[in-house]
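Enquirer: Below you will find the structure I want to go over with you.
Nothing in this text is a laboratory measurement; each read-out follows from the coordinates by a stated rule. Only a predicted model underlies this, so the values are computations on that prediction, with no experimental measurement involved. All Cβ positions, even for glycine, are placed from backbone atoms using ideal geometry, and neighbour counts span all protein chains on display.
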Amino acid sequence: MSVPMTDEAGIRQTIRALKAGGYVLVHVFDGEEDVEVSTESEAVEAITAVDDAYLYVAPKGDADGKTSWVRFVLGNDPEEVICDHGVSLAHVIDPLMERWV
């Protein structure tokens, strides 16, 4: 994947990498409430509605069990849209971000 040109493109690339890595979308925490999401479009809409949001994902087949997260902060350079992530997602997120530099 190429360096994202917009925050939304970076978010979409991240979601697609997570899905390819065997994760399902669970919810977005927007700083005030959890918004359940199941599709890329729903997640992108919830994340881009605020300046700072957490996307929670779970291994496919375990959506009610162990979750991990990716924190998105919008408004900087698009390749910096991922601010932090749970260590259990490093095998998916780190290679993605290495392609962005």
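Enquirer: Please go through (1) under 12 Å from the mean Cα position of the chain (by Cα); (2) farther than 15 Å from residue 26 by Cβ for residue 86 and return the number of the only condition it doesn't satisfy.
Expert: (2)
Enquirer: Of the residues that sit in segment 1-23 and are free of Cβ contacts under 8 Å to residues at least 60 places away in the same chain and buried (at least 16 other Cβ atoms within 10 Å of the Cβ), which one is nearest to residue 94 (Cα to Cα)?
Expert: Only one residue tops the list, namely 15.
Enquirer: Now a separate question. For residue 49, work out the one condition from (1) within 12 Å of the chain's Cα centre (by Cα); (2) closer than 12 Å to residue 8 by Cα; (3) hydrophobic (A, V, I, L, M, F, W, C) it doesn't fulfil.
Expert: If we test residue 49 against (1) within 12 Å of the chain's Cα centre (by Cα); (2) closer than 12 Å to residue 8 by Cα; (3) hydrophobic (A, V, I, L, M, F, W, C), just (1) comes out false.
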